[in-house]
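The values are calculated or read from the model by the stated rules, or taken from the named source; none is laboratory data. Bear in mind that the values here come from a model prediction, so they are computed numbers and not experimental data. Here the Cβ is made from the backbone with ideal geometry for all residues, glycine too, and neighbour counts use every protein chain on show. Just the protein is used for accessible areas: all its heavy atoms, side chains included, with ligands, DNA and RNA removed. Shrake-Rupley method; radii C 1.70, N 1.55, O 1.52, S 1.80 Å.
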Amino acid sequence: MNNKTLSILSYVTIIGWIIAFVQSKDASPKSDLVTYHLKQGFGIFLFSLIVNIALSVVVMTVPSLYFLSYIGYVIFILWIFGIINAANEQKKPIPVIGQLFENKFGFIN
């Protein structure tokens, strides 16, 4: 797989991320683009997991706050921005939350 495909695949579910991670480990010249999008993809996955768990607990305890579940749509839109950046082969962070993940996840090198 080429670097563009691996970058896009790093956003497509956790299984796609694992495939991109394993394929990037086997690549002889390491691609900064793939590494960058692996970090961004893993970060948005963790962020969405934590937010969804927290929102589930909040909405179950206080049902009148059901409108908070629309935050999931915002995360989906941010995820789309990540895929667009990967498809354009740009190393731009995901808006709003992407800079949190740029220097994290040292195991993705």
Seminar exercise, completed: Farthest towards the positive end of the dipole of the chain, among ASN109, ILE8, ILE50 and with Cβ unit charges of +1 on Lys and Arg and -1 on Asp and Glu, lies the Cα of ASN109
For this session: For LYS104, list the aspartates and glutamates whose Cα falls under 19 Å from its own Cα; do not include residues on the same chain fewer than 8 positions away.
Result: ASP32
Problem set entry | 10 Å beta-carbon shell around ILE108, net charge (K/R +1, D/E -1) | +3
Problem set entry | Ranked order, THR5, THR13, THR35 - accessible area, probe 1.4 Å, largest first | THR13, THR5, THR35
Exercise. How much of the accessible area of the chain, in percent, comes from carbon and sulfur atoms when a 1.4 Å probe is used?
Worked result: 69
For this session: At 4 °C and 1.567 mPa s, grab the translational diffusion coefficient of the chain from Stokes-Einstein with a Kirkwood Rh over Cα pairs, rounded to a whole number in µm² per second.
Result: 90
Problem set entry | Sequence ranges 39-45, 75-81, ranked by mean other-Cβ count within 10 angstrom, highest first | 39-45, 75-81
For this session: Work from the charge dipole of the chain (Cβ charges, +1 for Lys and Arg, -1 for Asp and Glu, about the Cα centre) and give the residue of ILE94, THR35, LEU78 farthest towards its positive end.
Result: THR35
For this session: Go ahead and collect, in residue order, the members of the range 83-103 whose backbone nitrogen is under 17 Å from a label point 7 Å along the Cα-Cβ direction of GLN23.
Result: 83-90
Exercise. How much net charge surrounds PRO93 when only the other residues with a Cβ under 13 Å from the Cβ of PRO93 are counted, with Lys and Arg +1 and Asp and Glu -1?
Worked result: +3
For this session: In debye, nearest 20, what is the charge dipole magnitude of the range 1-95 about its Cα centre with +1 on Lys and Arg Cβ and -1 on Asp and Glu Cβ, if you could check?
Result: 140
Problem set entry | the range 10-101: relative contact order in percent, alpha carbon pairs under 8 Å with at least 6 residues between | 32
Exercise. Top mean-square fluctuation among ILE53, ILE97, ILE71, Gaussian network model of the chain, C-alpha springs under 10 Å?
Worked result: ILE53
For this session: Give the accessible surface of the chain per residue, rounded to a whole number of Å², with probe radius 1.4 Å and ligands, DNA and RNA excluded.
Result: 61
